[in-house]
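A quick write-up on the structure given underneath.
The values are calculated or read from the model by the stated rules, or taken from the named source; none is laboratory data. Here the structure is a predicted model, which means the values were calculated and not measured. With ideal geometry, Cβ positions are generated from the backbone for all residues, glycine too; neighbour counts draw on all protein chains shown. Side chains included, ligands, DNA and RNA excluded: accessible areas come from the protein's heavy atoms. Shrake-Rupley method; radii C 1.70, N 1.55, O 1.52, S 1.80 Å.
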Amino acid sequence: MNTTELTPAGELTAEELGSVHLIGIGGVGMGGLARLLLTRGVPVSGSELREWPALAALRALGGTVHMSHVPENLDGVDTVVYSTAIPQDHLELVEARRRGLRIMHRSEALAAAMTGRQTIAVAGTHGKTTTTSIMTVILQHAGQDPSFVIGGEISEAGSNGHHGTGPHFVAEADESDKTFLIYRPHVSIITNIEADHLNNWGDLAGLKAGFLEFAELTDADGFVVTCADDPGTQDLIGSLRAQGKTVWTYGESAGADLRISDVVSTVSGVRYRASLDGQELGEVKLALPGRHMGLNSAAAVLTALRLGLPLDKITEALESFPGVRRRFERKGIAAGVRVYDEYAYHPTSVKAALLTLREVAGDGRLLVVFQPYRVYRTRDLQAELAEGLAIADEVIVMEVFGPGEVRGPGEGGVALTAAIDLPAERKVFVPDWEDVPAEVLRRSRPGDVVVTMGAPPISLMGDELLAALAGSAAEE
């Protein structure tokens with residue numbers, strides 16, 4: 001996608017969009033935008049072909065959801081919003097052009113909603129959703145009532161979008177399709193930079209240049225926050241400071257502005273000691289396990305402190321943080337088997353999640369149901385993905401989820417399964433969705449942890465596994 005064709009933030013407001021129609025309104029990103037617009041009082045409709053869990057809440061907020069894609073859905077609509085996943089020849093896009101309606105990419109509509117607010121944009125290869133969620137909860141605890149759009153729902157709150165009365169707007173900034181380059185943040189957070197989405201960026205150097213361009217768009221009176229430990233951010237830090245940009249860093253590195261130490265991760269969560277500019281802040285606790293979660297929280301802590309928020313409100317928010325759906329989300333337990341769901345699909349995220357889940361499994365075994373996301377990523381990072389999946393005791397690999405992509409000879413789930421360094425009896429390729437529950441039943445036993453991991457559709461699998469496990473227990 002050519003972002004030069006998109007409208008930068010600040011040229012429109014959400015109200016000026018009129019009645020908004022979102023194609024594919026059930027997706028997490030579109031659903032969050034819909035929530036934001038609805039709570040702001042903007043008329044919203046959308047179209048879907050599947051009854052996603054978020055749709056009931058959107059209807060309750062006053063949204064109209066059409067369970068079909070037909071031209072009549074655009075009656076009375078002023079603006080049609082699409083995402084990168086929607087093809088340009090989609091029936092409703094074609095009809096919108098014919099009618100002369102305003103057509104916007106999701107990022108453009110989000111930028112319009114940011115107008116007049118201090119935007120905190122969270123970017124990075126990993127940790128965007130968790131960091132954005134923690135930042136939002138900190139601002140809420142400090143009484144700021146931020147607006148936000150998140151790529152996942154804050155657990156218990158059940159929300160991934162809201163129009164607040166406060167000065168801040170917190171949002172994920174997506175580098176995958178380059179659309180993060182249309183935002184004009186007051187604060188830019190970059191959690192890390194690793195090779196991903198190279199189908200759009202060409203190579204790692206191109207990706208790094210994109211992140212640098214994103215950071216350069218930060219307000220002159222704002223600042224950039226990034227990780228001092230991450231190899232991918234080092235050149236960016238130097239380049240920005242050479243330009244006179246304000247850059248604050250966090251991490252375990254000695255030179256970090258917010259330095260964390262004595263990091264301890266257990267089943268009950270992660271904790272660490274923190275110091276800012278050499279001054280001790282005390283212990284920080286997050287009720288989610290994993291060292292990577294600790295780093296995500298540190299990004300939000302540093303940002304909040306530089307915004308002048310009180311430390312006690314920050315630590316209170318972290319201790320109460322309930323987590324994010326699809327990020328280390330416990331779905332339930334049945335037949336003595338604990339079932340989790342996890343969004344990880346990049347090798348680094350897969351490894352971090354599985355190492356944490358192995359801690360949770362304790363004396364039990366760890367079984368993974370993995371649905372790879374995108375053919376190009378599965379092909380290009382196959383060795384790294386296989387290495388991460390081998391952390392588990394048993395692996396069930398589904399076929400790659402890659403809308404619009406074509407698998408070449410030897411690509412996909414079969415090849416990935418073969419590359420996993422586990423004995424043949426402990427790994428299996430199961431291409432058909434309906435066959436997965438039976439395979440999990442065959443392989444699992446009480447005390448085990450089963451995690452569904454990967455592409456967005458797999459989030460719907462957990463409930464089916466719990467039902468199958470409960471049914472098998474009832475039959476015994």
(message) Need one number: nm distance between label points at residue 176 and residue 445, each 7 Å from Cα along Cα→Cβ, rounded to one decimal.
(response) 3.8 nm
(request) Using a 1.4 Å probe over the heavy atoms of the protein chains, calculate the carbon and sulfur portion of the accessible area of region 14-148 as a whole percent. (result) 52 percent
(message) Only sites in a loop by DSSP and with at most 14 other Cβ atoms within 10 Å count here; which GluC sites (Glu not before Pro) in region 8-80 make the cut?
(response) 11, 51
(message) Using 31 Å as the Cα-Cα cut-off, could you pick out the over-long pairs in 178/285; 285/427; 178/351?
(response) 178/285; 285/427
(message) Just to confirm my numbers, what's the Cα centroid distance between region 64-118 and region 342-413 in Å?
(response) 33 Å
(message) Please compute, for the alpha-carbon atoms of region 35-182, the extent along each of the three principal axes and give them in descending order in Å.
(response) 46, 33, 28
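Taking square-rooted eigenvalues a ≥ b ≥ c of the alpha carbon gyration tensor, is region 1-112 rounded, prolate or oblate, where a/c under 1.5 means rounded and, failing that, a/b exceeding b/c means prolate? Can you show the working numbers first?
Details: a/c = 1.44, a/b = 1.15, b/c = 1.25.
Taking the square roots of the gyration eigenvalues as a ≥ b ≥ c, region 1-112 is rounded.
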(request) Quantify, in whole percent, the carbon and sulfur part of the accessible surface of region 398-448 (1.4 Å probe; protein heavy atoms only). (result) 54 percent
(request) At q = 0.11 Å⁻¹, work out log10 I(q)/I(0) for the chain with the Debye formula, treating every Cα as an identical point scatterer and leaving solvent out; two decimals please. (result) -0.93
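If you roll a 1.4 Å probe over region 254-364 with all protein chains in place, what percent of the accessible area is carbon or sulfur? Please list the in-between numbers first.
Details: 2070 of 4430 Å².
C and S fraction of accessible area: 47 percent.
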(message) Quick check for you: with a 1.4 Å probe and neighbouring chains kept, what is the accessible area per residue of region 38-143, in Å²?
(response) 39 Å²
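Excluding ligands, DNA and RNA, what is the solvent-accessible area per residue of region 178-290 at a probe of 1.4 Å, expressed in Å²?
Working: 4560 Å² over 113 residues.
Accessible area per residue, region 178-290: 40 Å².
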(request) Would you mind calculating the gained length between residue 387 and residue 15 on full extension (0.36 nm times residue separation, minus the Cα-Cα distance), in nm to one decimal? (result) 129.1 nm
(message) If you scale each eigenvalue of the Cα gyration tensor by 5 and take the root, what three semi-axes come out for region 318-476, rounded to whole angstrom and sorted largest first?
(response) 24, 18, 15
(request) Quick one: give the max-minus-min coordinate of the C-alpha atoms of region 198-258 along each principal axis, largest first, in Å. (result) 34, 27, 15
(request) Determine the calculated [θ] at 222 nm for the chain from helices alone, applying -39500 (n - 2.57) to every DSSP H run no shorter than 4 residues and normalising by the residue count; nearest 500 deg cm²/dmol. (result) -10000 deg cm²/dmol
(message) In Å², and per residue, what accessible area does region 352-406 have when probed at 1.4 Å with the other protein chains present?
(response) 35 Å²
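What Kirkwood hydrodynamic radius, in Å, does region 49-115 give when the mean of 1/r is taken over all pairs of distinct Cα atoms and then inverted?
It is 13.2 Å.
Please list 348-354, 459-465, 62-68 highest first by mean number of surrounding beta-carbon atoms within 10 Å per residue. All intermediate terms of the calculation are to be shown ahead of the outcome.
On the way: 348-354: 22.0, 459-465: 19.6, 62-68: 15.4.
With the highest mean Cβ count within 10 Å placed first, the list reads 348-354, 459-465, 62-68.
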(request) Could you tell me the largest-minus-smallest coordinate of the C-alpha atoms of region 335-374 on each of the three principal axes, in descending order and whole angstroms? (result) 33, 19, 11
